[in-house]
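The values are calculated or read from the model by the stated rules, or taken from the named source; none is laboratory data. On a predicted model such as this, the values are computed, not experimentally measured, just so you know. Neighbour counts are summed over all protein chains in view; Cβ atoms, including those assigned to glycine, are modelled from backbone coordinates with ideal geometry. Side chains included, ligands, DNA and RNA excluded: accessible areas come from the protein's heavy atoms. Shrake-Rupley method; radii C 1.70, N 1.55, O 1.52, S 1.80 Å.
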Amino acid sequence: MRILVLGATGNVGRAIVEAALAGGDEARAVSRSGKRLPPGAEARVGDLDDAATLAGVPAMFTLAGCAGLTETPADARRRGVERVSANLEQFAR
């Protein structure tokens, strides 16, 4: 399965990418800056406002800050992501 990881340059995001790759999954590592993206993953500079970021991924993991995007999980599902794992407290703010 291809998993989209937002915040892939952080400690948790990087660990998620590494675990996905070690488990035989594909990982799309996304960062706004493009710096320090984990090796072995499909590296992509982008964010949730860019439809290409979500294209072709059935699952998404995020702990990245998404200030102002209170509908992020629903938006991702509308764009075709079947599974969203997130720190939902960030979306309740």
Exercise for the section: Would you please name the residue that is modelled with the lowest pLDDT, looking only at residues in segment 37-56 that are open to solvent by 50 Å² or more (accessible area, probe 1.4 Å) and not in a loop (DSSP other than H, G, I, E, B)? Expected result: Ala51
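Has segment 71-87 got at least one residue that is at pLDDT below 80, open to solvent by 80 Å² or more (accessible area, probe 1.4 Å) and among the small types (Gly, Ala, Ser)? It would help to see each step written out before you state the result.
Just the residues of segment 71-87 that are at pLDDT below 80, to begin with: 71-87.
Those left that are additionally open to solvent by 80 Å² or more (accessible area, probe 1.4 Å): 71, 77-79, 82-83.
Okay, now just the ones that are also among the small types (Gly, Ala, Ser), so none.
No: segment 71-87 contains no residue that is at pLDDT below 80, open to solvent by 80 Å² or more (accessible area, probe 1.4 Å) and among the small types (Gly, Ala, Ser).
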Problem - Filtered residues of segment 3-36 (kept if charged (D, E, K, R), open to solvent by less than 70 Å² (accessible area, probe 1.4 Å), within 14 Å of Gly56 (Cβ to Cβ) and not in a loop (DSSP other than H, G, I, E, B)) - result: Arg28
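Which of the residues belonging to segment 25-42 are out of contact with any Lys or Arg (no Cβ under 9 Å at 6 or more places or on another chain) and not basic (Lys, Arg)?
Listed by number, the residues that qualify are Ser33, Pro39, Gly40.
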